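The values are calculated or read from the model by the stated rules, or taken from the named source; none is laboratory data. These figures come from a predicted structure and were not determined experimentally. Note that each Cβ is placed from the backbone with ideal geometry, even for glycine, and that neighbours are counted across all protein chains shown.
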Ligand code: HEM
Ligand code: HEM
Ligand SMILES: [Fe+2]
């Protein structure tokens, strides 16, 4: 590398520049935090049931088969919009029943088909889990996913 | 080996290699479940296997970094490690935590318990007590190496290495924050995941590569350290705001689609600079170092990182592309080659360089080691290609045509079989590498001669 840039100049650019970009990043994330709480999600609907549903989601490591908003494992379908796939926006009651029935019936044991593990849920846990999925489907995601398939 | 305490690295690296074996074996099982989905489905479901695979990966890479720090810092600071006792305590703490996590995952212990239960966020599944143990271990480590560096010579290599390791610890603290609002959860989850692999880990990578170049090529320290600052500057200038490429579709503001696309595209620069750096140093260097396998791994590291992180990362980082490819096998393809090229190869490079010094012998089992390089790299490249094809087909059928997820997966079976084949080759390559490093040393004769001592 040329003589134009000395080592100490390179060092100062590194430290100064990194601090600069990190400061901008923190500012933008602070705004993003505010935006998430006020605009892209509806915190008034973030009930104890939804939060408990999120804990149940985590307790069973669902994320290590499924994606949610496109993040997670790629072994099983996207669940950020599963509520909409079950038409929960049009008929929440039937969607809830259908989702419950689906989860209780796993694993199917069908030969050659990917299996869900055997989870033991109480009725309340199932309700909370579905509330969490319902709430997740209302997040404003810049219109992702492109279609219902997720 | 010039300093006694450099030998601490040995135990870190042996532990790391053992977990490397666990990682690729778990990967093989996961790959087998993809093609034979009923396999183990009740005993050890896919999500648990995947946790073992990803957690073993992260822990062994970190153990490798710690080992590298214990090896490099005494030589660079011309000072023994402050306290070997703390270093071994740290290792034991990390191993107990790892074992605890594995046992918790496999036997599903204390489900839902806030302290002892598995925590169920991708990559950060460790129970709280393990996370706290990791933090204590990190603090012990930072205390130990920082005091060593302060007491000795300060070089750019130690500065950047320390900064990277401090950053790893600081950003890991965000793993403790898990808000009920999924959007906020995701925003800060990336502070661990992205700011690690595309931020502070790159500092570790660049400084370890700089150390290896210094030793293998004999190029002037001034030249190498100037390169080092330029590389890490481009890494952080692009990588910090580049976090935006994960904020497109998770409920963050729209401006991230622009900021993320622009800055993450620039993330290719540091990876390209590392290719230029390593090849130019070898070109310029006058030294004909006998450890050819270490040189191969170091050049392989910068090259494969450029393809895995740089090229495969750029492929899906622009938001109009990512809108369709987000969360498909394209992501898995990129994740595999990026991790392998950048961080697996980095660890294997420094181990290949340092183990002969630790054992006090001339470079040994060089051919075997180089065979393992080609086998591992070839197989990982093949795995990446087949997953990329799978991902392209998936993106088209599912995201463009709207075909349902499960139907699409049936179309991808052939690719998953090929991935499994590649995985088998990776496992063989990994075992070969471990054997080349720790097995009987055929050509190993005598203590290291004066010729091996780097003349700075
Ligand atoms: C050193 C080599 C390897 C590295 C660094 C590595 C790394 C990773 C990473 C980071 C993930 C998470 C993927 C993501 O979320 O993007 C993953 C998942 C996975 N890996 Fe590997 N892996 C390696 C070898 C293997 C091998 C040998 C196999 C065996 C065929 C394998 C099979 C899998 C499978 C099946 C998944 C799950 C993907 C999914 O969620 O659908 N990996 N690996
Ligand atoms: C060595 C450095 C890197 C490593 C180890 C790495 C690894 C990964 C992994 C494991 C994921 C999946 C995370 C998840 O589970 O959701 C990921 C996602 C991603 N990476 Fe990287 N990466 C690196 C560098 C880069 C670079 C330099 C770029 C851009 C030029 C990039 C672009 C992306 C993008 C756009 C995604 C999101 C994919 C999606 O939308 O599903 N990565 N990376
Ligand atoms: Fe990233």
Requested in this report: Identify the single condition in (1) closer than 29 Å to residue B:319 by Cα; (2) buried (at least 22 other Cβ atoms within 10 Å of the Cβ) that residue A:85 does not satisfy, given that it satisfies every other one.
Outcome: (2)
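Pick from A:148, A:90, A:118, A:140: which is at pLDDT below 95 and assigned to a loop (DSSP other than H, G, I, E, B)?
Sole residue among the options that is at pLDDT below 95 and assigned to a loop (DSSP other than H, G, I, E, B): A:118.
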Query raised in the report: Any idea which of (1) more than 7 Å from every other protein chain (Cβ to nearest Cβ); (2) under 25 Å from residue B:246 (Cα atoms); (3) surrounded by 23 or more Cβ atoms within 10 Å (Cβ to Cβ) is the one residue A:143 doesn't satisfy?
Result: (3)
Report summary line: If you go through B:386, B:344, the only one that is touching a helix residue (DSSP H, G or I) at 6+ places or on another chain (Cβ under 6 Å), in a helix (DSSP H, G or I) and within 29 Å of residue A:73 (Cα to Cα) is B:386
Report task. Name every residue in segment B:302-325 that is within 13 Å of ligand 1 (Cβ to nearest atom) and more than 14 Å from every other protein chain (Cβ to nearest Cβ), in order of residue number. Result -> B:304, B:305, B:308, B:309, B:312, B:313
Report summary line: Here the residues within segment B:219-264 that are touching a helix residue (DSSP H, G or I) at 6+ places or on another chain (Cβ under 6 Å) and either outside any helix (DSSP H, G or I) or away from every other protein chain (no Cβ under 11 Å) (or both) are B:219, B:245, B:247, B:248, B:250, B:251, B:252, B:253, B:261, B:264
Requested in this report: Determine, yes or no, whether residue B:189 is more than 27 Å from residue B:349 (Cβ to Cβ), in contact (Cβ under 8 Å) with a residue 24 or more places away in the chain and assigned to a helix (DSSP H, G or I).
Outcome: yes
Report task. Pick out the one residue from A:123, A:128 that is closer than 27 Å to residue B:111 by Cβ and surrounded by 16 or more Cβ atoms within 10 Å (Cβ to Cβ). Result -> A:128
Query raised in the report: Given the conditions (1) crowded, with 20+ Cβ neighbours inside 10 Å; (2) within 24 Å of residue B:333 (Cα to Cα); (3) in contact (Cβ under 8 Å) with a residue 60 or more places away in the chain, and given that residue B:15 satisfies all but one, which numbered condition is not satisfied?
Result: (2)
Report summary line: Among residues of segment B:326-335 being buried (at least 24 other Cβ atoms within 10 Å of the Cβ) and more than 9 Å from chain A (Cβ to nearest Cβ), the residue farthest from ligand 2 (Cβ to nearest atom) is B:333
Query raised in the report: Residue check, residue B:4 against (1) farther than 19 Å from residue B:215 by Cα; (2) out of contact with any helix residue (DSSP H, G or I) (no Cβ under 6 Å at 6 or more places or on another chain), all met but one. Which one?
Result: (1)
Report summary line: Checking A:43, A:3 in turn, the sole residue that is surrounded by fewer than 16 Cβ atoms within 10 Å (Cβ to Cβ) and over 30 Å from the mean Cα position of the chain (by Cα) turns out to be A:3
Query raised in the report: Hey, residue B:223 hits all of (1) surrounded by fewer than 24 Cβ atoms within 10 Å (Cβ to Cβ); (2) within 16 Å of ligand 1 (Cβ to nearest atom) but one; which does it fall short on?
Result: (2)
Report summary line: Apart from one, (1) in contact (Cβ under 8 Å) with a residue 40 or more places away in the chain; (2) part of a helix (DSSP H, G or I) all hold for residue B:335; the odd one out is (1)
**Report entry** Residue within segment B:397-404 that is in a helix (DSSP H, G or I), within 23 Å of the chain's Cα centre (by Cα) and within 14 Å of chain A (Cβ to nearest Cβ) present
**Finding:** no
